[in-house]
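One structure is given here, and the rest of the page talks about it.
None of the figures in this text is laboratory data; all of them are computed from the coordinates on show. Since the structure is predicted, the reported quantities are computational estimates derived from the model, not experimental observations. Neighbour counts run over all protein chains shown; Cβ positions are idealised from the backbone, glycine included.
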Amino acid sequence: MIRVEDLTFHYPRAAAPAVREASFEIGRGRIFGFLGPSGAGKSTVQNIMIGLLPAQKGKVLYDNKKIVELGKSFFNRVGVSFEHPNVYEKLTGLENLKYYGGLFSVPTINPERLLEMVGLADAGRKWAGQYSKGMKQRLVFARAIMNRPEILFLDEPTSGLDPTTARKILNIIIAEKNRGATIFLTTHNMLVADELCDTVAFINEGQIVNQDSPRNLKLQYGQKAVKVEYRNNGKVETVLLFPEKPEDRDQLNHLMEQRKVETMHSQEATLEQIFIKLTGRGLA
Amino acid sequence: MMKGGSFRYLLRQDMAVVHRNGYVYVVLGLAALFILLVNFALPKQLEVTGREYLVDLTAGQLIAPIAREAGFEEHMLASEEELQQALERDRQAVGVVFRGNREHPQAVIYRQGNEPEKAMRGLEAAVISIWNTAGDLEQPVTYRQELLRPASEKPPFNLGFVPVLLAFEVALLGAFFVSALVFQEKEEGSIRAFRVSPAGTWPYILSKITVNVLLSLLYGFLLFVFTLGLRPELPAVLLLAALTGFLMTAFSLTISVFFKSLSEFVYVTAVIMTVLSLPMVSYFVPAFSAAYFVFIPTYPLVFGIRELVFSTGKTGFYLQMLLILAAEILVLLALARITVERKLMREGH
């Protein structure tokens, strides 16, 4: 169990705090999505959680222990994938993983196997400096999971990846969760968050504005609507109907009875729409 | 994959990066250049192109008028003390002190030590000639040569450069390489990944130190063996080089973590190099010296090697240099640990 309580952080010379009284909990084996636009305070929270920044106020507890009490060996249980790929450019992908793996005192996954998992098997012997941004991103992701971490911090893990490769990475994340890993996912990609996360927290200007499961958020902030495509005098027309309104319910029944309906989809709010509703701004 | 000992992996990683950055080739190239310089470009002995200072201490000042007539007016000095001072200032000059009288004509030739013997024989002939000009001598002129620093036969001119050339890589360039590695890790962001690994600060520091010490040993071995040969002093010289490389890496780590990039650090490097060069200047110009020079990291290396190879008979000097280095290493290692931990292993620096 990870518990974050009243976390506040103010960078020197900054006009406002980067993070203000952020609190949340992440249960073991859950994926917690931290959603917000650039500069909202996501990375600052993550940096405090992994001990790179000191908490000026509030605390982060791992099974009721502060990170300083856990010591360096704590990182044997942790994996971190950074948003900006940070690898030794003059080492090959394989060497990057091999040498990093040597820093752990727990068993690690074979580097060649890792490269294969993220689709870099053929590029393993090339210098990482010659990799594209997406390839570096995958290398950093592979490095994060090499020690089979109990806690995985993923910062924009699919950023810059093509859909096929992104799918591969998402599947690995799901597999990590199924293995039992607790995952802190920082992203501004609401589709990824929607698919993966058990809980999401929206952060804006350093404050968590809401947090719940994606389903509950949609139920709370979305409208129950049905989008219907039907044929009328040979032409296809579209109408958005709200079944809770009697007149819309009657119209829907009428269209179905007339066998005019061609397609019908339930309409629910996206996480992005909810975020806009809550903060008045988009995620880009 | 199961392993242990993060130091081993960090060392292999640092060695691979150093190799791919081309530092090994720079060290090999520099060693080759200096070996060629010492063996083929620098002369073994300097020609006497400097002045000859004369002091006339003969009874009745027999020599002074002859010297003035021969154009030595400006080079005539009043006392032996003045002569010693003049020779200390002008390291290419020699001096002659005339003593005695016509019954017992004498002369003492003071030399720096690196003058060619042919030139010295010419000077002896000139001394005899001057005495002969002074009048009928009852006895032949007796003369002797004296070295300015009696305990030290000056080394061949070219080999005298070896301690300084050795210090150049070990103390200056090696330290710069280590800083460059740190800035490379900052720029690539790879240091951020290290921060969230289980490896601690000590393996990080010790790995960098070991890499630089190995480079220092490689360079020191090549330069020493191919200039001075395989001499028994080699292990002691390499020990000095290794300790200096160790010290300078700790020093470099201590300082470089305060800067964001190599371009910012370059100005500091210029100041550091100037300070580190002071003992080297002192090596060639002994008059340029201060008591605190002994604590500048290049001092023990330059003067320790000189004492080992071209002994001046200073008992315990080498051991003293080792102790100074060891004390400095302890202090700087502690400082490096503190600054690396606080500035490099945390975010926002």
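Centre-to-centre separation between the Cα atoms of segment B:287-349 and those of segment A:1-72: 43 Å. The Cα atoms of segment A:186-284 give a gyration tensor whose axes a ≥ b ≥ c have a/c of 1.5 or more with a/b greater than b/c, which makes the shape prolate. Between rounded, prolate and oblate, where does segment A:56-214 land on the alpha carbon gyration tensor, with a ≥ b ≥ c its root eigenvalues, rounded for a/c under 1.5, else prolate if a/b exceeds b/c? Oblate, since a/c reaches 1.5 and b/c is not below a/b.
Between the amide H of A:Glu262 and those of A:Glu229, A:Tyr230, A:Arg231, distances stay under 5 Å, these residues lying 5 or more places away or on another chain, with hydrogens modeled in the peptide plane.
Computed 3J(HN,Hα) for segment B:207-212, one whole-Hz value per residue from the Karplus formula 6.51 cos²θ - 1.76 cosθ + 1.60 where θ = phi - 60°, is 5, 4, 5, 4, 4, 5, glycine and proline marked x. Summarising the amide proton neighbourhood of A:Val209: residues at separation of 5 or more, or on other chains, whose placed amide H is nearer than 5 Å comprise A:Phe202, A:Ile203, A:Asn204. For segment A:260-279, backbone nitrogen atoms closer than 14 Å to the point 7 Å from A:Thr238 Cα along Cα-to-C-beta are found at A:262-268.
Of B:Lys208/B:Lys343; A:Lys126/B:Lys260; A:Lys177/B:Lys186; B:Lys44/B:Lys118; A:Lys65/B:Lys208, which sit over 25 Å apart, Cα to Cα? From B:Lys208/B:Lys343; A:Lys126/B:Lys260; A:Lys177/B:Lys186; B:Lys44/B:Lys118; A:Lys65/B:Lys208, over 25 Å: A:Lys126/B:Lys260; A:Lys177/B:Lys186; A:Lys65/B:Lys208. The residue among A:Ile203, B:Tyr219, B:Val24 whose Cα reaches farthest toward the positive pole of the charge dipole of the protein assembly as shown, with charges on the beta-carbon of Lys, Arg, Asp and Glu, is A:Ile203. Each label point was placed 7 Å from the Cα along the Cα-to-Cβ direction; for A:Asn216 and A:Lys245 their separation is 3.0 nm.
Net length available on complete extension from A:Ser23 to A:Met264 is 82.7 nm, with 0.36 nm assigned per residue and the Cα-Cα distance removed. The simple spin-label model puts a point 7 Å past each Cα toward its Cβ; for B:Leu33 and B:His75 those points are separated by 3.8 nm. Taking a ≥ b ≥ c as the square roots of the eigenvalues of the alpha-carbon gyration tensor, segment B:169-288 is classed oblate because a/c is 1.5 or more while a/b is no larger than b/c. Summing Cβ point charges (Lys, Arg +1; Asp, Glu -1) relative to the Cα centre of the protein assembly as shown gives a dipole of roughly 2540 debye. The string of couplings for segment B:224-233 from the Karplus curve (6.51, -1.76, 1.60, θ = phi - 60°) is 5, 5, 8, 10, 9, x, 7, 10, x, 6 Hz, one whole number per residue in order, with x for Gly and Pro.
Averaging Cα coordinates gives a centre for segment A:146-207 and one for segment A:250-284; these two points are 26 Å apart.
Mind listing which GluC sites (Glu not before Pro) in segment A:215-254 are in a DSSP loop and have 10 or fewer other Cβ atoms within 10 Å? Write out the running numbers ahead of the final one.
Working: sites: A:Glu229, A:Glu237, A:Glu244, A:Glu247; in loops: A:Glu244.
Sparse-neighbourhood loop GluC sites (Glu not before Pro): A:Glu244.
By the count of other C-beta atoms within 10 Å, a proxy for reagent exposure, A:Ser73, B:Ser277, A:Ser43 are ordered fewest to most as A:Ser73, B:Ser277, A:Ser43.
Sorted ascending by nearby beta carbons within 10 Å, beginning with the fewest, A:Val118, B:Val268 become B:Val268, A:Val118.
Counting neighbouring Cβ atoms within 10 Å and putting the fewest first, the residues B:Trp131, B:Trp202 line up as B:Trp202, B:Trp131.
Placing unit charges on each Cβ (+1 for Lys and Arg, -1 for Asp and Glu) gives segment A:113-187 a dipole about its Cα centre, and among A:Asn171, A:Met117, A:Ala181 the Cα reaching farthest toward its positive end belongs to A:Met117. Basic side chains Lys and Arg get +1 at the Cβ, acidic Asp and Glu get -1 at the Cβ, and with that the dipole of segment B:21-137 about its Cα centre reaches some 460 debye. Between B:Gln145 and B:Leu330, the distance separating the two model label sites (each 7 Å from Cα on the Cα→Cβ line) works out to 4.7 nm.
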